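S.K.: Structure provided below as structure tokens; questions to follow.
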Amino acid sequence: MLAIDHVVIAATDPLKSAEQFANKHNLKITQGGKHDFWGTYNVLAYFQNQSYIEWLSIFEQNTAEQSDNPLIQQLVNKLKYDGDGLFQYGLRTTAMDAFIEHFQMNNIPFVGPFQGKRQKPNGEDLTWRMLFPQHSLTMTPFLIEWGQANLYGANPKAVNEQTLNILLNKHENLQLFHHIYQTTNTDQQIPLQNGQLSLQANDALSLTISDD
């Protein structure tokens, strides 16, 4: 079963943006690290339902612009044309190869998987894979599979007590969503391992922070 992994916020100044958000919601944030082969870096906020927010920015523009990773391409365009803001989210899986087979058998276009790696401030390496289905959904999340047992390696002291939830565009094509991601067919919510995706009246992708 899929899980909410993280939401991605484009940020010209990720530390400033994260601090403003953290002050508003009484959250702890932590420095992430650099993705040298993408020219990006991040600041993070972890939540007790094993999910997190990523404020993602660019430190090497040419490297980012030349990346073939769709998330980095989206980040470049977001900052260039729209500015700071939430623009994407990822769903966590432990069976990425099975999804690749599912996409191939059902003629679902995709790119990847892309290998990811960054070094934490303490020198520890984190690794992951990202897979990007490409279809006519209002918002097409990517799939991510972590390469270590402790997922994204969050320090327990940095994890907030709140939970992170995702709200989707009310015009999302649920039938197509279920077909691509092999999720349970419900009317207004998509159950996940650590929460749910819910449809909202607002047209924009958004998130909520809950104390429940």
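FYI, it's all coordinate maths here, none of it is from the lab. Only a predicted model underlies this, so the values are computations on that prediction, with no experimental measurement involved. Backbone-built Cβ (ideal geometry, glycine too); neighbour counts: all protein chains shown.
S.K.: How large is the charge dipole for region 3-210, taken about the Cα centre, if only the Cβ atoms of Lys, Arg (+1) and Asp, Glu (-1) carry charge, to the nearest 20 debye?
M.R.: It comes to approximately 360 debye.
S.K.: Can you compute the modelled spin-label distance between V111 and N150, with each label point 7 Å from Cα toward Cβ, in nm?
M.R.: Modelled inter-label distance: 3.4 nm.
S.K.: In nm, to one decimal, how far is the modelled label at H179 from the one at N77, with both set 7 Å along Cα→Cβ?
M.R.: 2.2 nm
S.K.: Next question. Counting other Cβ atoms within 10 Å, which GluC sites (Glu not before Pro) in region 142-187 have at most 13 and lie in a DSSP loop?
M.R.: For GluC sites (Glu not before Pro) across region 142-187 that sit outside H, G, I, E and B with at most 13 neighbouring Cβ atoms in 10 Å, the list reads E161.
S.K.: Arranged by the count of other C-beta atoms within 10 angstrom, fewest first, what order do L71, L86 take?
M.R.: L86, L71
S.K.: Suppose R0 equals 30 Å. What FRET efficiency, 1/(1 + (r/R0)^6) with r the Cβ-Cβ distance, do S198 and F37 give to the nearest 0.05?
M.R.: FRET efficiency, S198 to F37: 0.30.
S.K.: Any idea how far the Cα center of region 143-212 sits from the one of region 82-140, in Å?
M.R.: 14 Å
S.K.: Continuing with the same structure: Which residues in region 20-45 place their backbone N less than 11 Å from a point set 7 Å from the Cα of N122 along the Cα-to-Cβ direction?
M.R.: Those under the cut-off are none; the list is empty.
S.K.: A further question follows. What percent antiparallel are the DSSP beta bridges of region 1-139, to the nearest 5?
M.R.: Just about 85 percent of them are antiparallel.
S.K.: Label region 3-210 by shape, choosing from rounded, prolate and oblate, from the square roots a ≥ b ≥ c of the eigenvalues of the Cα gyration tensor; if a/c is under 1.5 it is rounded, and otherwise prolate applies when a/b is larger than b/c, oblate when it is not.
M.R.: It is rounded, given that a/c, with a ≥ b ≥ c, falls under 1.5.
S.K.: Something else: How much FRET efficiency would the formula 1/(1 + (r/R0)^6) give for E101 and H171, where r is the Cβ-Cβ distance and R0 is 35 Å, rounded to 0.05?
M.R.: Step by step, r from the Cβ atoms, then E = 0.75.
S.K.: Could I ask something else about it? Give me the distance in nm between label points sitting 7 Å out from Cα along the Cα-to-Cβ direction at K16 and F59, one decimal.
M.R.: In this crude spin-label approximation the distance works out to 1.8 nm.
S.K.: Say R0 is 30 Å: what FRET efficiency, to the nearest 0.05, do K157 and T94 get from their beta-carbon distance?
M.R.: Efficiency, from the Cβ-Cβ distance: 0.70.
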